[in-house]
1. So, in the range 44-77, exactly how many residues are over 12 Å from residue 101 (Cα atoms), modelled with pLDDT of 85 or more and of a type in the set (A, V, I, L, M, F, W, C)?
2. May I ask you to verify whether residue 135 is assigned to a helix (DSSP H, G or I), surrounded by 10 or more Cβ atoms within 10 Å (Cβ to Cβ) and modelled with pLDDT under 90?
3. Kindly indicate the residue of the range 78-117 that is closer than 24 Å to residue 55 by Cβ and of a type in the set (Lys, Arg) and also modelled with the highest pLDDT among those meeting that condition.
Amino acid sequence: MEKDKIYAVKQKVDAADISLDDVPPLPEGEKFVLPKKFIIDPNGSVAKLEKMQFDPIERLVNLSERIQHDLNHLMFDGDGEPRPKFNGNAYSALMGIQQKIAMDLLRYGYKRVPEVVEINNVNPVPMQITLTGADQFGKE
């Protein structure tokens, strides 16, 4: 391994396995220097998800469909007739979850729009006000 590179590896370490006695002391006159670069595999999480055969987008879509089914069951009976009464709290909670899922799915298809819109700043033209006496306007 090169002197200025550290490869980040995520692994479980038992606290009993760590001992300062195992760390050799630095040679006389040398100082400990942190490495300048950390190389982390940016596609590691994608590879891990593929290995586990887990697709987060598919999972969110399936969850959204299931919530829509629950909403329909909440509002309509088995014959498709509207229920005279249904639990408004449950309806509100399911709609909130479905909206959260929709916002999470939007991240994958669209770039987020900034909340603050920049307005082209046009420098205003300076205005000059000259105060005069009333006699200049014909009033005496």
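The values are calculated or read from the model by the stated rules, or taken from the named source; none is laboratory data. On a predicted model such as this, the values are computed, not experimentally measured, just so you know. So basically every Cβ, Gly included, is an ideal-geometry build from the backbone, and we count neighbours across all protein chains shown.
1. Residues that pass the stated criteria total 6.
2. No.
3. Selected residue: 100.
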